[in-house]
Structures are given as C-alpha cells and as structure tokens.
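Q: Below is one structure. I have some questions about it.
Just so you know, all these numbers are worked out from the coordinates, no wet-lab data involved. Every value quoted in this text rests on a predicted model; they were computed, and no experiment measured them. Note: ideal-geometry Cβ built from the backbone for every residue, glycine included; neighbour counts use all protein chains shown.
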C-alpha cells in the first residue's frame with residue numbers, strides 16, 4: 001500500500017481544492033432528515049431535485065447517525081442528535097451540507113470538523129426572528145409584572161415581592177446584541193410600548209439607533225443603567241460567560257435579567273451571586289444549563305421563585321418552523337447546485353465560481 | 001312634628017336645587033380614605049385644603065362604613081367595601097363626593113343611590129391605561145403561545161395542545177370596545193407586533209381606524225373573524241353578558257378569548273359551551289366570577305388547563321396606582337371647590353355656575 005493510498009488522518013484533512021458544486025449528477029442522492037414535526041410537504045423541493053429523503057426514527061445515537069449518514073449528500077439536522085466529528089467523518093465522501101434547523105448549532109454540529117471535511121454547515125438565522133422577539137417581549141413583561149405568581153393554582157410556590165411592579169414604560173431596557181432578533185425586540189419595545197432602550201453590540205449600528213431611537217452603551221454601562229437586561233447574542237467562544245460577575249455586579253439592585261439566547265452566555269456562578277446579593281431580582285431563561293453544570297442545581301434549589309424558565313421554545317411557532325424548514329431546504333439546494341449558501345456558518349473554504 | 005320636618009323617604013330624594021359648590025367653609029371637613037397601599041404623601045393636597053384624612057383599618061362592613069362616613073365631606077374608595085345606599089344615606093348631609101380608585105365601580109358604589117342623594121361619584125379612568133394595555137398584550141401572547149404550560153415545575157398540570165402555536169403576527173385580533181384601553185391595546189399590537197386588528201364598539205372611531213390602520217366590524221362579524229377576541233368594555237347593564245352564546249358561537253374553532261375587563265361581560269354559561277365545543281381553546285380572565293356564580297366552579301372543574309386566570313391585577317403597577325390616587329384626590333378637590341369634576345360617573349344633577 002502506497003503512502004498516499006493510506007487513510008489520511010482526517011482530523012487534519014483540508015481539501016487542497018474546494019469541492020466543486022454538485023449538479024445533475026446528484027440525482028438519486030439521499031438527504032437525511034432528522035427530528036419530528038417537520039411537515040413532509042415542505043421537503044418536496046428536494047424530491048423535485050431528484051433527491052431521496054430518508055427520515056429515521058429519533059433519537060439517534062452517534063453510531064446510528066453515522067449509519068444513517070452513509071451515502072447521504074445532505075443532512076437536515078432537525079433533531080436532538082449530535083453531529084460529531086466521528087459521525088461526519090464517516091460520511092465525508094458524499095456529504096456536502098449539514099443544514100441545521102435553528103440558530104444555535106454549537107452544541108449539535110461539530111462545525112470545526114465539518115470545516116475540515118469541506119462540508120458546508122448552514123443554519124436558519126432570521127427565520128424565527130418574529131417568534132423569538134415576541135416571546136422575549138412577553139417574558140420581559142411577565143417577569144417585570146411578576147405575572148406567573150398571579151396565575152392562581154397553576155403556580156403554587158411562586159412567590160415574589162408584594163410591592164407593586166413598575167410599569168414597563170417606566171423601565172429602562174438594555175439589550176446585549178443587536179442582530180436581527182435584538183433589533184426586532186427593540187422595535188417592539190420602542191414602537192409598541194414606548195420603552196427607553198439602549199444596547200451594546202460588538203459593532204455599533206448607527207442606522208438602527210436613528211431608526212428606533214435607541215442609544216449605544218458599553219457593556220458595563222449598559223448593565224449599570226438597565227432595569228431589565230436582555231441577552232440576545234449567539235453562543236460562540238467569545239460570548240460564552242460574557243455576562244459574568246463584572247456585568248452582573250454593575251446591575252442596579254433588583255434588576256431583571258432576561259436571557260432567551262443560549263444559557264451559557266450568562267455565567268451561572270455570577271448569576272448565583274447576583275441573585276444572592278439582590279442585584280438580580282429575577283432571571284428569565286429559555287432553556288437552562290445542562291445537568292453537567294453544577295451551579296444549575298444550586299440555582300434551582302436556592303432561587304426557585306426567582307427563575308422563570310421555559311424549555312427552549314422561543315422559536316417554536318408553526319410559522320417559524322415553516323420558514324426554518326423552507327430555508328434549510330433552500331440552503332441544501334444552494335450548496336448542492338451552486339456549492340455555497342448565504343446561511344453558511346463556520347469557516348469552510350468556499351468554492352469559487 | 002310637621003310633615004316637612006319628617007324624615008324624607010331618601011330613596012326618592014332629589015335635590016330641588018343642586019348643591020352649591022363647597023368652598024372655604026369645608027376647612028376642617030373630613031375625608032374618609034379606605035384601602036391599603038395608598039401612599040400617604042399623595043394625600044397631602046387634601047391636608048393643604050384644610051381637610052382631615054381619616055384612614056380606618058379595613059375591611060369595612062356596611063355598619064362600620066356608615067359609622068366612618070359620618071360627618072365626612074369626601075370619600076376616597078380604595079378598599080373592597082361596598083358603598084351601599086344605606087351607608088351613603090347616613091352620610092348624605094355632609095358627603096359631597098365618592099372618588100372611586102379604579103374604573104369598574106359598579107360592584108362597589110351604588111351610583112344610583114349616590115345620584116339620588118346628590119353625591120358625586122368619580123372614577124380614575126385613563127390613569128391605568130398603559131398598565132392595563134401592557135398586561136393585556138402580555139396575556140394575549142401568553143395565551144397564544146401557551147407560555148404557562150412551559151413554565152416548568154411552576155405550572156404542574158397545565159397542559160394544552162402539542163401543536164405548535166401560531167405566531168402573533170399571523171393571528172387576527174378583534175377588540176370589543178375602543179375606549180382608551182382598547183385603543184392602547186390596538187396601538188401596541190399594530191405598531192409593536194404588526195398584528196391585524198379589527199374592533200367593535202358602540203360608536204365607530206374613524207380617526208382611530210385611520211390612525212392605527214384598524215377596521216370596524218359588527219360584534220358578530222368581529223367574533224367570526226378573530227383568532228383572538230379581546231374584551232375591553234366597562235361593566236354596565238348594557239354590557240353584562242354582552243359576550244353571549246351568539247357571540248361565542250360565531251368564534252372560529254380554537255379561538256382565544258381574552259377578557260381583562262370585568263368577568264361578567266362574558267356569559268359564564270356561554271363560555272362553558274364554547275370551551276366544551278372547542279370554539280374557545282383558551283380563556284383569559286383578570287379576576288373571575290364570584291362564588292355566587294354557579295358556572296364559575298364548573299368552569300374551573302372542567303377546564304382547569306384552558307383558563308388563564310389572574311386576580312384583577314392588570315392595573316396594579318406603582319405608576320398606575322400613583323396616577324390613580326393623584327387623580328382621585330384631584331377629583332375630590334374639584335367637586336369640593338367647584339361642584340363638579342370631569343371624571344364623574346352616573347347621572348347626578350350637576351350644579352350650574
């Protein structure tokens with residue numbers, strides 16, 4: 001066996017040349033689609049391209065996923081499985097694209113491995129903006145007014161202050177992150193409720209400031225001047241634990257923290273201290289820290305009535321799901337036919353045309 | 001005892017001449033203030049008028065109220081007591097005004113009796129518009145997304161459909177009543193969330209239609225075309241059970257009924273049938289039918305997971321309470337010094353100047 005024919009260490013694999021776009025030769029290729037709740041009718045464009053859709057029962061273990069991926073040219077990731085480096089590696093000869101259904105792919109797709117394998121990864125950012133923003137604003141009002149403690153028998157044990165809550169219009173809201181979701185949240189708060197809004201983001205958005213009448217502050221100044229601090233940034237290495245003790249320590253006493261982005265943006269230890277010291281009166285999460293997070297249990301144990309937690313449902317509307325699936329299908333088509341898609345994440349070398 | 005000196009049948013009493021406005025001679029008069037949670041500092045304008053504030057412990061029975069009212073020139077009603085004809089009659093020689101803290105005075109002040117006695121009754125309409133509208137919009141989103149069933153351990157037993165909810169922006173909202181509160185709700189839904197809104201009210205409001213881009217429909221047409229039907233009218237003889245079986249019977253299957261006005265606007269029997277037949281998927285109330293209402297228990301028993309009930313808290317914000325008390329104090333001053341006030345309710349003959 002010659003040196004070059006030996007299996008390469010795939011973890012170091014970098015294609016010398018980007019893969020050419022797949023075309024008519026893909027007719028008869030297979031698309032793996034995972035996750036329940038995806039309307040079959042929305043997958044029809046794939047069939048029209050001559051692709052065969054494979055929908056295995058979930059949940060998929062790594063081994064089952066690797067087996068299901070064999071021979072697939074595309075993979076619509078709508079389930080809870082983890083597309084690990086090992087699973088992707090088994091499929092890399094045929095697999096061109098992983099279309100993640102949602103925004104926060106970090107815990108579900110090993111994008112670094114996909115990049116190395118030349119597999120495009122896309123997400124469906126933008127498709128659920130309205131759903132996420134509406135949900136977030138509702139939770140802002142719910143937390144601000146303490147509505148859950150008033151839901152009668154439905155909310156036993158939920159207690160809170162007997163003081164009258166403040167009106168939303170009398171609160172200063174700070175938003176961390178001014179992407180599509182952050183902007184839509186700001187818009188609803190400004191145009192609907194007339195709330196004063198400031199924001200922090202990595203890059204200033206002067207046109208949004210003008211358009212919505214919101215002002216830019218540094219992260220620490222934003223924390224210091226917000227009665228309600230909203231977290232709306234994607235989870236990346238840079239944003240993980242971005243809301244740490246220096247941020248929470250600046251919050252005015254009794255402030256509300258609303259994190260409808262990924263939990264890990266907020267440091268659980270810093271949150272614990274913030275709740276304990278009264279900087280944070282209530283914390284809202286949509287999805288909570290996993291079991292591997294030691295502080296998660298302590299937070300739940302010590303502050304049961306000051307956490308308002310839902311199970312990652314912000315984007316779960318029929319319309320958002322519809323748009324997400326359509327967008328993921330379109331991304332698959334784009335990568336297969338043109339070699340790239342505008343919703344790619346990661347740093348895969350792009351083919352040039 | 002001459003005929004004219006005999007006690008008159010006070011229920012038939014109509015002052016031949018409206019009372020003259022009270023002036024400086026009221027110096028030293030007493031104002032009865034009931035209800036906890038009223039900031040004493042807000043009552044200072046009364047003291048500056050030379051009036052003495054009397055704040056008895058609550059709750060007040062009819063007899064206790066009658067005793068406390070003795071000699072009072074004004075009565076700020078902020079408690080749960082009922083200002084009955086009998087209690088008012090005992091005070092009619094001195095009492096000029098009952099300032100009700102809130103909007104829905106119907107169950108708390110016998111306005112007909114006050115009218116007959118020449119006692120002005122005011123309420124604080126307008127003061128809580130922002131609070132009520134914000135709360136109502138939050139409950140619209142909560143019900144529409146089924147958020148309570150996702151609040152983890154806090155909401156045991158809350159179930160609902162496993163189907164994905166529809167986005168708010170994809171829902172048609174109908175508002176019954178286009179007073180200040182209805183208008184503000186429409187404004188938040190239109191300008192903030194971009195929802196399609198129609199309305200019904202006794203009198204059309206063309207300027208609101210133009211301003212907000214909402215359309216007028218008859219009550220039955222509104223019911224037939226609304227995914228979410230919002231009730232926002234005061235309780236009067238005319239509006240009680242206004243949402244009856246003919247209205248609920250027209251609602252599209254699975255519609256949501258949001259009543260943050262008084263419960264009695266919605267017929268409990270019609271609601272029961274609507275829930276049973278599936279016309280109504282969920283009903284939101286802020287305050288529920290009293291114990292004297294037989295259907296209330298049946299509703300709670302048979303549809304525990306399809307009622308979203310809070311305890312009449314929509315207007316309970318610090319800012320709204322502040323504005324309400326200030327407005328009630330102003331109304332008292334106006335009636336005592338000028339003989340009338342713009343926030344009077346009822347049909348008392350007004351003094352002429």
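Q: Given label points at 7 Å from Cα along Cα→Cβ, what nm distances, shortest first, separate residue B:342 from the same residue in every other copy?
A: 5.1
Q: Moving on to the next point. For the range A:30-51 and the range B:60-124, write down the distance between their C-alpha centroids in whole Å.
A: With the range A:30-51 and the range B:60-124 each reduced to a Cα centre, they are spaced 69 Å.
Q: How high is the relative contact order of the range B:159-214? Use alpha-carbon pairs under 8 Å, at least six apart in sequence, and give a whole percent. Intermediate results must be reported in sequence, preceding the final value.
A: Working: 58 pairs, mean separation 20.7, N = 56.
The normalised contact order for the range B:159-214 reaches 37 percent.
Q: Another question, then. Going by how many other Cβ atoms sit within 10 Å of their own, how do B:88, A:60, B:64 line up, fewest first? Write out the running numbers ahead of the final one.
A: Numbers: B:88 25, A:60 22, B:64 15.
Ascending Cβ contact count within 10 Å gives the list B:64, A:60, B:88.
Q: Quick one: angle between helix A:318-338 and the longest Cα principal axis of chain A, in degrees between 0 and 90, rounded to 10, please.
A: Once rounded, the angle reads 30 degrees.
Q: Continuing with the same structure: Obtain the nm distance between the two label points defined at residue A:293 and residue B:211 by a simple spin-label model: each point lies 7 Å from its Cα along the Cα-to-C-beta direction.
A: Spacing of the two 7 Å Cα→Cβ label points: 4.5 nm.
Q: Right, something else. Nearest 10 degrees is fine. How inclined is helix A:268-277 to the longest principal axis of chain A, computing both from alpha carbons?
A: That works out to roughly 10 degrees.
Q: Just report the Cα centroid separation between the range B:249-267 and the range A:269-317, whole Å.
A: Using only Cα atoms to place each centre, the spacing works out to 35 Å.
Q: What ranking do B:345, A:103 get, fewest neighbouring Cβ atoms within 10 angstrom at the top? Don't skip to the answer; put the middle values down first.
A: Details: B:345 21, A:103 24.
Fewest to most other Cβ atoms nearby, the residues stand as B:345, A:103.
Q: Counting only other chains, and only Cβ atoms inside 10 Å, what mean value do you get across the residues of A:165-174? Present the calculation step by step, with values, prior to reporting the outcome.
A: On the way: counts 8, 5, 12, 9, 6, 7, 0, 0, 0, 0.
The shielding value for this peptide is 5.
Q: Do you know the relative contact order of the range A:129-310, to the nearest whole percent, from alpha carbon pairs under 8 angstrom that are 6+ apart?
A: On the way: 336 pairs, mean separation 33.4, N = 182.
Relative contact order comes out at 18 percent.
Q: Enter the mean number of other protein chain beta carbons within 10 Å of the beta carbon of each residue in B:320-327, as an integer. It would help to have the intermediate numbers written out before the result.
A: On the way: counts 5, 2, 3, 1, 0, 0, 0, 0.
Taking the mean over all residues of the peptide, I get 1.
Q: What FRET efficiency comes out for residue A:39 versus residue B:301 if R0 is 41 angstrom and r is the Cβ-Cβ distance? Round to the nearest 0.05. Don't jump to the answer; show the numbers that get you there.
A: Working: r = 37 Å, r/R0 = 0.90.
Calculated transfer efficiency: 0.65.
Q: Here is a follow-up. Among A:260-270, A:123-133, B:269-279, how do they line up from the highest to the lowest mean number of other beta-carbon atoms within 10 Å? Can you show the working numbers first?
A: Values: A:260-270: 22.2, A:123-133: 24.1, B:269-279: 17.9.
Packing proxy ranking, top to bottom: A:123-133, A:260-270, B:269-279.
Q: Then there is this: Shortest first, in nm, what separates the label point of residue A:58 from those of the same position in the other copies (7 Å along Cα→Cβ)?
A: Computed spacing set for this position: 5.1 nm.
Q: What order do you get for B:180-187, B:317-324 when each peptide is scored by the mean count of other beta carbon atoms within 10 Å, highest first?
A: Details: B:180-187: 24.1, B:317-324: 21.6.
Order by mean packing, descending: B:180-187, B:317-324.
Q: Give the shape of chain B as rounded, prolate or oblate, defined through the alpha-carbon gyration tensor: a ≥ b ≥ c are the square roots of its eigenvalues, a/c under 1.5 means rounded, and otherwise the shape is prolate if a/b is larger than b/c and oblate if not. Write down the numbers at each step before the final one.
A: Working: a/c = 2.06, a/b = 1.99, b/c = 1.04.
It is prolate, given that a/c is not under 1.5 and a/b is the larger ratio.
Q: Still on this structure, I have one more. What whole-number distance in Å separates the alpha-carbon centres of the range A:167-196 and the range B:161-232?
A: 22
Q: OK, next. Treating the angle as unsigned and between 0 and 90°, give the value, to the nearest 10°, between the Cα long axis of helix A:129-145 and the longest Cα principal axis of chain A.
A: 20
Q: On to the next question. Going by how many other Cβ atoms sit within 10 Å of their own, how do A:54, B:190 line up, fewest first?
A: Values: A:54 15, B:190 19.
Fewest-to-most ranking of A:54, B:190: A:54, B:190.
Q: Next question. What number, in percent, do you get for the relative contact order of chain B if the mean sequence gap of Cα pairs under 8 Å and at least 6 apart is divided by its residue count? Numbers along the way, then the final one.
A: Details: 678 pairs, mean separation 68.6, N = 353.
Taking the mean separation of contacting Cα pairs over the length of chain B, I get 19 percent.
Q: Once the Cβ-Cβ distance between residue B:93 and residue B:172 is put in as r, and R0 is 60 Å, what FRET efficiency do you end up with, to the nearest 0.05? Intermediate values should be presented prior to the final figure.
A: Values: r = 55 Å, r/R0 = 0.92.
Efficiency, rounded to the nearest 0.05: 0.65.
Q: Separate question: What are the label-to-label distances in nm, one decimal and shortest first, from residue A:194 to the same spot in the other copies, with labels 7 Å along Cα to Cβ?
A: 2.4
Q: Sticking with this structure for a sec: Since chains A and B are linked by a rotation, which residue in A has the beta carbon closest to its axis, and how far is it in Å?
A: Measuring from each Cβ to the axis, the minimum is at A:192, 1.
Q: To continue, here is another question. When Cβ neighbours within 10 Å are restricted to other protein chains, what is their mean count per residue of peptide A:185-197?
A: Details: counts 0, 0, 4, 6, 1, 2, 7, 12, 9, 6, 2, 0, 0.
Taking the mean over all residues of the peptide, I get 4.
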